[in-house]
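*Asks:* Supplied in structure tokens, the structure appears directly below.
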Amino acid sequence: MKIAFDIDGVLTDIEKFQLEYGSKFFKKKYNRDVYDVNGYGIKEVFNCTNQQEIKFWIKNTFKYMNTVKPRINTDTTIKKLHKEDNQIFIISSRAKTSENSILGLLMRKLVIHWLKQNNIIYDEIIFCSVENSSTDKFNICRKYEIDIMVEDKKENIQEISKIIPTLCFATKNNQECTGKNIYRVNNYDEIYVKVNEIKQRVNNSFVVLNSKQRANLNTNEMLSYYKNLRDYYLNLPYDDLLAEEKKKNELRLIKRLQAIFNFVYNPINLNSKKLSDYHGVIFAANHLHAFDPLVLMSNGVADFRLLAKQELQQQKIGRLFEYINSIFVDKDDQFSGEIARNELIKTLLHGNNIMTFPEGTRNKTQNLLLPFRYGTVAIAQITGAPIIPCALNNDYHFRGGHLFVNIGDELYVHPTDSLTDANQRLKNEILQLLLEIKENENRVKTKIK
């Protein structure tokens, strides 16, 4: 099949860039706030003139083209589609790229450089005008016999969908864009699945069931369903070589961190279990401090992906979490949660560890534990990976010797288990480990007295 991708809004999240840099630019220069957060392009978002829009892009074009990264899994999904004998086309109406001028040539070279720099492969790239993008893209799809187009602009989607299936990459601006031949997608895993659904044109393709549908399955059907579900996730794009390269970088950093952290805080493991002995597991711990992942690292966890709040990316420690290949999630965004969950599941099924905090946020109360979310046990049920319960305190004092780690026994969640019961088992296990830590804290205090 011939599959075509737009760039701005599909390969990149241009909405995010426009809101972040546009807010600063228009507030400082014109004392103007966002006018329509759901608008398309700078002009609609900030209700500005053509001249003001041009001034914004003169200031920010090179920043956008040099710093913006592709959406999560863009390169791996396109690479996988290409390996499966699909031809990949890039069809873009980015400003100036269709012009027959020195500036046009420069803009085209910058686009090609960005694609190469971000490992996005393609068979052919075609540039068209901004003013007539709907008509131009329609004609290009017809001329090159494109089978599927991935697009975000409403007008383009409506026009192209008249002749071929069009995947509408969900944005704030196209929320109501629906119709015949239009398929809404929220991430690149969904693009991959939808492309293959269209490609295969069969009615019996695997369907992910919701909790009510799963409840109606008998034991044999449930076991078969989870086996097929794991195969479904294993077939989603995942770059093993890239994951291995990131793991090497992570290991180099963690070895240094372990030595520094152990010297500064002198954490104590209350049992002989070494976290480095585990592979393809879920480390699940209570959450009291931003350094909690570092405590687990210091006790031997040198191979894991951490689920972290998106807000951390704005903080200094966020750079560390980015370097160790963390998965960031916006807990107020359903689609962000789905992307994160898919990444965690694929990581486990490919034999790597993940780290989660079932409480979902730091516990700043007097209670030993906050209510547990269901994500950890749900992922364990889907993947069959064991959960390693871990308990921590937060006695961070220089060479204090009171910073404890306690590690429990493997906990499995089978396909027929109730997630409510499994979640309670996990919570009880971590609570028991915490109580053991409390006993040791009391012994230390008694000795000091």
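*Asks:* Evaluate the stretch 133-140: report whether one residue or more is in a strand (DSSP E or B), surrounded by 14 or more Cβ atoms within 10 Å (Cβ to Cβ) and free of Cβ contacts under 8 Å to residues at least 60 places away in the same chain.
*Replies:* Just the residues of the stretch 133-140 that are in a strand (DSSP E or B), to begin with: none.
No, because not a single residue in the stretch 133-140 is in a strand (DSSP E or B), surrounded by 14 or more Cβ atoms within 10 Å (Cβ to Cβ) and free of Cβ contacts under 8 Å to residues at least 60 places away in the same chain.
*Asks:* While we're on this one: Against the condition in the same structural domain as Leu275 (by TED's automatic domain parsing), among the aromatic types (Phe, Trp, Tyr) and under 28 Å from the mean Cα position of the chain (by Cα), how does Tyr412 come out, does it pass?
*Replies:* Working: in the same structural domain as Leu275 (by TED's automatic domain parsing): yes; among the aromatic types (Phe, Trp, Tyr): yes; under 28 Å from the mean Cα position of the chain (by Cα): yes.
The answer is yes for Tyr412.
*Asks:* Looking at the structure I just gave you, is Lys59 assigned by TED's automatic domain parsing to the domain that holds Lys194, farther than 23 Å from Glu151 by Cα and in contact with a Phe, Trp or Tyr (Cβ under 8 Å, 6 or more places away or on another chain)? Talk me through it step by step, then tell me what you get.
*Replies:* Working: assigned by TED's automatic domain parsing to the domain that holds Lys194: yes; farther than 23 Å from Glu151 by Cα: yes; in contact with a Phe, Trp or Tyr (Cβ under 8 Å, 6 or more places away or on another chain): yes.
So Lys59 passes the test.
*Asks:* Please note which strands (runs of 3 or more DSSP E) are completely contained in the stretch 348-449 and include at least 2 residues that are in contact (Cβ under 8 Å) with a residue 60 or more places away in the chain and within 30 Å of Arg230 (Cα to Cα).
*Replies:* On the way: elements: 354-356, 387-392, 404-407.
Once the strands (runs of 3 or more DSSP E) in the stretch 348-449 are filtered for at least 2 residues that are in contact (Cβ under 8 Å) with a residue 60 or more places away in the chain and within 30 Å of Arg230 (Cα to Cα), what remains is 354-356, 387-392.
*Asks:* Those residues that are buried (at least 19 other Cβ atoms within 10 Å of the Cβ) and among the basic types (Lys, Arg), I need them from the stretch 346-375; list them, please.
*Replies:* Once the filter is applied, which keeps residues that are buried (at least 19 other Cβ atoms within 10 Å of the Cβ) and among the basic types (Lys, Arg), the stretch 346-375 yields only Lys346.
*Asks:* Among the residues of the stretch 212-225, write down those that are in contact (Cβ under 8 Å) with a residue 40 or more places away in the chain and surrounded by fewer than 15 Cβ atoms within 10 Å (Cβ to Cβ). Outline the logic, then answer.
*Replies:* Within the stretch 212-225, the first condition is being in contact (Cβ under 8 Å) with a residue 40 or more places away in the chain, and the residues that meet it are 219, 222-223, 225.
Result: Thr219, Leu223.
*Asks:* Which of the residues that make up the stretch 1-56 are among the polar types (S, T, N, Q) and part of a strand (DSSP E or B)?
*Replies:* Here is the first cut: in the stretch 1-56, the residues among the polar types (S, T, N, Q) are 12, 18, 23, 31, 38, 47, 49-52.
Across the stretch 1-56, the qualifying residue is only Thr12.
*Asks:* Here's a check for you: in the stretch 383-441, which residue that is at pLDDT 90 or above and among the hydroxyl-bearing types (Ser, Thr, Tyr) is nearest to His350 (Cα to Cα)?
*Replies:* In this case the residue turns out to be Thr383.
Here is a yes/no grid of residues against (1) free of Cβ contacts under 8 Å to residues at least 12 places away in the same chain; (2) within 18 Å of Glu190 (Cα to Cα):
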site	(1), (2)
Gly9	no, yes
Asp13	no, yes
Val37	no, no
Ile58	yes, no
Met65	no, no
Lys69	no, no
His82	no, yes
Ile91	no, no
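Rundown of residues vs (1) under 27 Å from Gly337 (Cα atoms); (2) touching a Ser or Thr at 6+ places or on another chain (Cβ under 9 Å); (3) β-branched (Val, Ile, Thr), yes/no style:
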position	(1), (2), (3)
Arg142	no, no, no
Met149	yes, yes, no
Phe169	yes, no, no
Asn173	yes, no, no
Arg184	yes, yes, no
Ile191	yes, yes, yes
Lys194	yes, no, no
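Per-residue answers, yes or no, for (1) crowded, with 18+ Cβ neighbours inside 10 Å; (2) of a type in the set (A, V, I, L, M, F, W, C); (3) modelled with pLDDT under 90:
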site	(1), (2), (3)
Phe169	yes, yes, no
Asn174	yes, no, no
Ile191	yes, yes, no
Ser205	no, no, yes
Lys227	no, no, no
Arg230	no, no, no
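Let's see how each residue does on (1) at pLDDT 95 or above; (2) of a type outside the set (Phe, Trp, Tyr); (3) on the phi > 0 side of the Ramachandran plot:
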{"site": "Tyr40", "(1), (2), (3)": "no, no, no"}
{"site": "Asn50", "(1), (2), (3)": "no, yes, no"}
{"site": "Glu53", "(1), (2), (3)": "no, yes, no"}
{"site": "Thr61", "(1), (2), (3)": "no, yes, no"}
{"site": "Ile88", "(1), (2), (3)": "yes, yes, no"}
{"site": "Thr97", "(1), (2), (3)": "no, yes, no"}
{"site": "Gly104", "(1), (2), (3)": "no, yes, no"}
{"site": "Ile120", "(1), (2), (3)": "yes, yes, no"}
{"site": "Phe127", "(1), (2), (3)": "yes, no, no"}
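*Asks:* Those residues that are part of a helix (DSSP H, G or I) and loosely packed, with under 12 Cβ neighbours inside 10 Å, I need them from the stretch 64-90; list them, please. Show your work before the answer.
*Replies:* Restricting attention to the stretch 64-90, the residues satisfying the condition of being part of a helix (DSSP H, G or I) are 64-67, 74-83.
If the condition is that a residue be part of a helix (DSSP H, G or I) and loosely packed, with under 12 Cβ neighbours inside 10 Å, then Asn66, Thr67, Lys83 are the ones that fit.
*Asks:* What number goes with the only condition from (1) surrounded by fewer than 19 Cβ atoms within 10 Å (Cβ to Cβ); (2) touching a residue at least 40 places away in the same chain (Cβ under 8 Å); (3) touching a Lys or Arg at 6+ places or on another chain (Cβ under 8 Å) that Phe17 does not pass?
*Replies:* (3)
*Asks:* Which residue is modelled with the highest pLDDT, if the candidates are limited to the stretch 296-345 and must be charged (D, E, K, R), part of a helix (DSSP H, G or I) and surrounded by fewer than 20 Cβ atoms within 10 Å (Cβ to Cβ)? Spell out the reasoning first.
*Replies:* Residues of the stretch 296-345 that are charged (D, E, K, R), as a first pass: 303, 305, 309, 311, 316, 319, 322, 330-333, 338, 341, 343.
Going one step further and asking which of them are part of a helix (DSSP H, G or I), we end up with 311, 316, 319, 322, 338, 341, 343.
From the residues that got through so far, the ones that are surrounded by fewer than 20 Cβ atoms within 10 Å (Cβ to Cβ) too are 311, 316, 319, 322, 338, 341.
Values: Glu311: 77, Lys316: 73, Arg319: 73, Glu322: 75, Glu338: 82, Arg341: 88.
In this case the residue turns out to be Arg341.
*Asks:* Scan the stretch 259-274 for residues that are surrounded by 13 or more Cβ atoms within 10 Å (Cβ to Cβ), modelled with pLDDT of 75 or more and out of contact with any Gly (no Cβ under 6 Å at 6 or more places or on another chain) and jot them down. Outline the logic, then answer.
*Replies:* As a first pass, look at the stretch 259-274 and keep what is surrounded by 13 or more Cβ atoms within 10 Å (Cβ to Cβ): 261-262, 264-270, 273.
When the remaining residues are screened for being modelled with pLDDT of 75 or more, the result is 261-262, 264-270.
Result: Phe261, Asn262, Val264, Tyr265, Pro267, Ile268, Asn269, Leu270.
The values are calculated or read from the model by the stated rules, or taken from the named source; none is laboratory data. A quick note: this is a predicted structure, and the numbers were derived from the prediction, not measured. Here the Cβ is made from the backbone with ideal geometry for all residues, glycine too, and neighbour counts use every protein chain on show.
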